[in-house]
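The block underneath contains the structure these notes are about, expressed in structure tokens.
Please treat every number below as a calculation from the coordinates, not as lab data. As the structure is a prediction and not an experimental result, all values here were calculated from the model. Don't worry about glycine lacking a Cβ; one is built from the backbone with ideal geometry, like all the others, and counts go over all protein chains shown.
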Amino acid sequence: MRSSRFNVALAREALAARSESAQGWLRGTAPGRTVQRMLSGFVDIEWADRSMTLAAQSFTSVLPVVIVASTIGSHDSFTKGFFDQFGIDMDSVDVSTDGFGVDEPSFAAFGIVGLLMVLLGGTSFARALGRMYGRVWHVPTLKFASWWRWIAVLLSVAACAALIGATRVLLGVPYLGSSLVLVAQFAVWAGLWTLVPYLLTERRLSARVLWATGVITAAGLTILRIGGNVVLPRTVATAESKFGDLGLVFTAIGWMFVACGIVVGASVVTKALALDEGPVGRYLRGPAEPLTETSMIR
């Protein structure tokens, strides 16, 4: 029922957008109006500030969860997967990940209370994501009664970081290894960024919008991953030579900003496409009541 009401509201917003007077090249054609809505969406969401907030929150919220996960399982693939998610191949730089691992006595000292503190503190990243989706789609943000959704989002992102790292085993496949890695990572990202808005909007978005958001986000992150293979080895080496191990941290934060910018931008692009007047918009809006002046004033 919530997604049906969302479809109706989205269709009404599309009708309102079409009824505005056309001025200039952008507003004079249907594709131009879609581009104009994208540009306006980036301004309205304050893209740079929102992306930097998410990048900082991911570094301070998600990374501790990844570290704890690697502590429990004694697997470096978690930490490697976290950096690999942003295009940083930990095997290509001379930085040891042993510092991320902790032996069992240390974990025992850390305790369950510490683990809960990490999880509860880490929800700030999920809350920031929820505010972003609420701002883009004009839906209410989660209340404290739905706190478990924040935990679920945080754990999902951390788990997908490990899955991204696990896809590296496909590199051993002759001839097709690199392609299979990209396909697997695309699938992981698409699933994750379909699930995250589903959880944070309490099923208010329609399935078509959710999948479109996941696919567009995954496409952007895959392109970023390909670009990272070219750019990052030299960037990380230069930063490490100038700043030591901190150079890797600086590079990771910068790359997180770009990745989080893709997450934010994908939502804006999906919203603009959903308001499109052509077949793409009609498909994303899904079945809804006929767009009439009467339905506009209900």
Notebook entry, point to check: So, by mean Cβ neighbours within 10 angstrom, what's the order for 185-197, 40-52 with the highest one leading?
Noted result: 185-197, 40-52
Margin query: With the crude spin-label approximation of a point 7 Å out along Cα→Cβ, what separation in nm comes out for W147 versus D44?
Written below: 3.3
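Among residues other than R127 whose Cβ falls under 12 Å from its Cβ, what is the net charge (Lys/Arg +1, Asp/Glu -1)?
Details: positive: R131, K143, R149; negative: none.
Around R127, the surrounding residues sum to +3.
For the range 165-298, what value does the Rg/Rh ratio take when both radii are computed over Cα atoms and Rh is the Kirkwood radius, given to two decimals?
We get a ratio of 1.12 for the range 165-298.
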Next item on the list: Against the globular-protein guess of 2.2 N^0.38 Å, express the Cα radius of gyration of the range 152-194 as a ratio, rounded to two decimals.
Entry: 1.22
